[in-house]
Amino acid sequence: MRIGDYKVSYGADEAVFRTGTVRVWMIVLFLAMAVFPFWAGDYLLYMANLTGIAIVAAVGLNILTGAAGQISLGHAAFVGIGAYTSAILITKLGLPFIICLPLSGLSAALFGVIVGAPSMRMKGLYLCIATLAAQVIFEYLFKNWESLTGGIRGINVPAPTIFGFEFNNEFRFYFITVPVVIIVVTAARNLFRTRVGRAFIAIRDRDFSAQLMGINLFRYKLYAFALSSFLAGVAGCLWVNFIKIVTPEHFPLHESIRYLAMIIVGGLGSVLGSIFGAIFMTIIPEVLKSMLNIVSAFSPDAMAYLSPLQTVVFGLLIVVFLVFEPHGLAEMWRRVKDYFRLWPFEH
Amino acid sequence: MWFFLELIANGIAVGGVYALIALGFVLIYKATSIINFATGEFMMIGAYFFYTFMVMLGLPAIPSFLLVMLGSAALGFAVERAILRHMLGQPTISIVMVTIGLSSILLGLAELIWTSDFKNFPPLFPRAPIIMGEVVIRSNFFWGFVIAMAAVVVFALLFKYAKVGVAMRATANDQMSAFSMGINVRTMFTVAWSMGAIAAALGGLIIGNIGGIQPTLGMVGLTIFPVVILGGLDSIAGAVVGGFIVGIVENLAGGYLHEYVPGDVKELAPFVVLVLILLIKPYGLFGKEEIERL
């Protein structure tokens with residue numbers, strides 16, 4: 001049971017990590033993340049990098065959809081814009097990775113504002129369909145603007161170098177991904193303690209009331225689109241530098257839906273939820289694969305069912321979470337924590 | 001000139017099918033305010049039902065057809081009862097995502113049951129193309145159009161005159177008053193889902209008959225969004241008009257633009273039109289403008 005939680009200043013009450021226990025656990029977490037790459041093999045590191053990149057994108061989508069309440073079916077397209085911007089800047093202009101990272105974000109943010117502009121007049125389902133149209137149109141551009149994007153062959157990117165040090169394998173790239181994830185998560189967590197973040201939540205809860213309280217709806221919706229696609233762009237830049245090739249097939253509508261599924265399963269509007277969701281949705285297909293691997297020892301053609309089973313499980317997860325746990329894994333986590341916080345006095 | 005006319009004629013033929021699918025979509029939206037992202041998968045499942053009854057079980061065409069309608073109605077019923085009923089009153093994002101999740105489940109199940117191989121229906125209609133003046137239409141298109149239009153008319157009449165149709169309209173109009181007039185609103189939700197599923201399945205059957213079936217047939221369902229948004233999500237007349245517009249635009253773009261624009265203009269064009277329409281009329285051509293009060 002948590003005791004001695006007594007605050008004498010506003011600063012202590014507003015702090016992100018409010019108690020000593022939390023701070024200790026955070027240090028443990030950081031240590032674990034620092035030790036992880038030395039312990040894990042290439043495959044685990046590969047997954048860790050992908051998960052980290054997914055976390056960045058999911059946090060971005062959660063700002064737009066979870067916090068500000070604007071549904072986007074085009075998030076993968078913004079990740080794609082970031083990836084292509086980075087690939088083009090690196091291969092055609094030879095810019096270094098460290099400059100490409102923010103530039104990819106900015107270019108995605110620019111397109112985010114363009115796609116978000118109709119939100120001045122539309123909302124809800126109509127806006128949702130408008131973002132679907134954006135997804136389709138960008139996908140088409142990736143595929144067909146061959147002089148810029150290389151068409152279906154895509155663009156190959158060399159391994160990123162920072163100050164002469166080449167980040168050319170999973171192990172090394174981990175030390176790019178993790179700092180970026182930490183910065184993004186910290187920034188997002190703090191965003192909701194500022195006017196802008198609070199305004200997003202007000203818009204989600206009731207846009208008219210928010211407007212009456214002096215929030216410029218249009219401007220803040222555009223902020224939400226810009227911020228969200230900025231993070232998507234950063235994720236895209238990381239992704240292309242990690243995978244080293246970008247093709248249009250990497251950013252289909254299904255990918256947008258996967259990001260939405262992450263924040264639904266993780267918890268809408270919660271930064272922690274985005275992290276949980278991204279980890280969960282990246283791990284589940286792998287778990288399924290290893291389960292089928294065990295089954296295929298008994299019936300050899302079990303692996304043929306992998307792809308359809310993954311599709312079914314993916315859909316089931318979304319539906320089951322929405323029906324039984326609409327606040328997602330973050331809420332489950334909170335309940336578990338509460339149980340231990342109050343233990344042994346549950347009631 | 002004949003090229004133009006032929007494109008228009010084909011556009012109308014395809015547009016009729018879109019209109020039918022969009023009608024099912026609008027039925028569900030009107031009654032329950034749920035936007036059904038699984039429409040495409042309902043189409044696909046309907047087509048597979050037909051394939052199962054006709055090819056795998058060897059039934060004649062007409063009984064298979066009726067069984068497909070029955071099967072899709074059962075599917076819509078089950079989906080509404082098992083999933084959507086729990087989602088009443090939830091925020092838009094949850095409802096959108098639950099139907100997206102549903103579409104993923106249906107797609108995966110179809111791949112498990114029928115495998116992802118490409119399949120064809122046996123020929124249902126005489127193969128000879130229909131010739132009207134200079135315009136030639138493939139017979140599958142023509143008969144598909146006829147069936148789709150017949151279904152649209154039946155649905156429209158049902159909606160206008162049958163007791164259940166009137167009750168559905170009342171529900172869509174005002175749930176509270178519908179309740180107080182003794183209409184079982186929940187039953188109406190179920191009926192709407194069943195009818196929506198039937199309309200989608202018929203559309204899927206026609207499209208499957210034209211181009212063969214495989215689990216990704218549901219991707220056609222994406223084209224339905226430009227159709228319904230064009231007409232306005234809650235307008236039946238809009239769904240029909242939108243269907244024809246999208247069908248024609250698609251064919252004209254495919255016919256005239258593909259020399260100048262690379263790639264699949266045919267699939268892109270409806271979405272470009274969609275964006276333009278939404279910029280000018282944010283609630284579609286016939287949609288009801290939402291007036292909000294605090």
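The numbers here are math on the coordinates, done by the rules we state, and not lab data. In this text the structure is predicted, and so the values were computed from the model without any measurement. Note: ideal-geometry Cβ built from the backbone for every residue, glycine included; neighbour counts use all protein chains shown.
How long is the gain from A:ILE243 to A:ASN216 if the chain were fully straight, where each residue apart is worth 0.36 nm and the alpha carbon distance is subtracted?
On the way: separation 27, 0.36 × 27 = 9.72 nm, distance 4.03 nm.
Difference between extended and current length: 5.7 nm.
Using only alpha-carbon positions in the stretch B:212-253, the gyration tensor eigenvalues give semi-axes of 20, 14, 7 Å once each is multiplied by 5 and square-rooted (largest first).
What lysines sit close enough to B:LYS288 to cross-link, taking a C-alpha to C-alpha distance under 22 Å and skipping anything fewer than 8 places away on the same chain? B:LYS288 reaches A:LYS123, B:LYS30, B:LYS160.
Could you give the alpha-carbon Rg of the stretch A:56-192 over 2.2 N^0.38 Å, rounded to two decimals?
Working: Rg = 16.4 Å, N = 137, 2.2 N^0.38 = 14.3 Å.
That ratio works out to 1.15.
Note on the protein assembly as shown: Kirkwood radius taken over Cα pairs, Stokes-Einstein applied at 4 °C and 1.567 mPa s, translational D equal to 49 µm² s⁻¹.
Across the stretch B:22-153, Cα-Cα pairs farther apart than 20 Å form 55% of the total.
May I ask for the percentage of alpha-carbon pairs in chain B that lie more than 30 Å from each other? Can you show the working numbers first?
Details: 12987 of 43071 pairs.
Distances greater than 30 Å cover 30 percent of the Cα pairs.
If you take the Cα centroid of the stretch B:232-247 and the Cα centroid of the stretch A:43-64, the two points sit 40 Å apart. Over what distance in Å are the Cα centres of the stretch B:194-219 and the stretch B:32-53 separated? The stretch B:194-219 and the stretch B:32-53 have Cα centres separated by 6 Å. Centroid-to-centroid, using Cα positions, the stretch A:72-122 and the stretch B:109-161 are 42 Å apart. Taking θ as phi - 60° and the Karplus parameters 6.51, -1.76 and 1.60, the scalar couplings of the stretch B:90-97 work out to 7, x, 3, 4, 5, 5, 4, 5 Hz in sequence order, x denoting glycine and proline.
Semi-axes of the equivalent ellipsoid of the stretch A:81-140 are 29, 12, 7 Å, computed as sqrt(5λ) over the eigenvalues of the C-alpha gyration tensor in descending order.
Largest first and in whole Å, what are the equivalent-ellipsoid semi-axes of the stretch A:41-342 based on the Cα gyration tensor, each being the root of 5 times an eigenvalue? Don't skip to the answer; put the middle values down first.
Numbers: eigenvalues 163, 139, 77 Å².
Semi-axes (√(5λ), whole Å): 29, 26, 20.
Taking only DSSP H segments of four or more residues, each worth -39500 (n - 2.57), what value at 222 nm results for chain B once the sum is divided by all its residues, to the nearest 500 deg cm²/dmol?
Values: 11 runs with 197 residues, N = 294.
So the calculated ellipticity at 222 nm is -22500 deg cm²/dmol.
Compute the FRET efficiency between B:GLU134 and A:SER290 as 1/(1 + (r/R0)^6), taking r as their Cβ-Cβ distance and R0 = 56 Å, and round to the nearest 0.05. List each step's numbers first, then the result.
Details: r = 62 Å, r/R0 = 1.11.
With a Förster radius of 56 Å, E is 0.35.
Across the stretch A:176-185, rounded Karplus estimates of 3J(HN,Hα) from the backbone phi angles (6.51 cos²θ - 1.76 cosθ + 1.60, θ = phi - 60°) give 8, 4, 4, x, 4, 4, 5, 4, 5, 5 Hz, Gly and Pro being marked x. Model label sites at A:PHE17 and A:ASP5, defined 7 Å from Cα along the beta-carbon direction, differ in position by 1.7 nm.
Between A:ALA32 and A:ALA187, the modelled labels are 2.6 nm apart [label points 7 Å from Cα along Cα→Cβ]. With helices as the sole contributors, chain A gives -23500 deg cm²/dmol at 222 nm; each DSSP H run of n ≥ 4 counts as -39500 (n - 2.57), and the sum is divided by every residue. A Förster radius of 22 Å, combined with the Cβ-Cβ distance separating A:MET120 from A:ARG198, puts the computed FRET efficiency at roughly 0.55. What FRET efficiency do you get for B:ILE210 and B:PHE4 if R0 is 25 Å and r is their Cβ-Cβ distance, rounded to the nearest 0.05? The pair B:ILE210/B:PHE4 has a calculated efficiency of 0.70.
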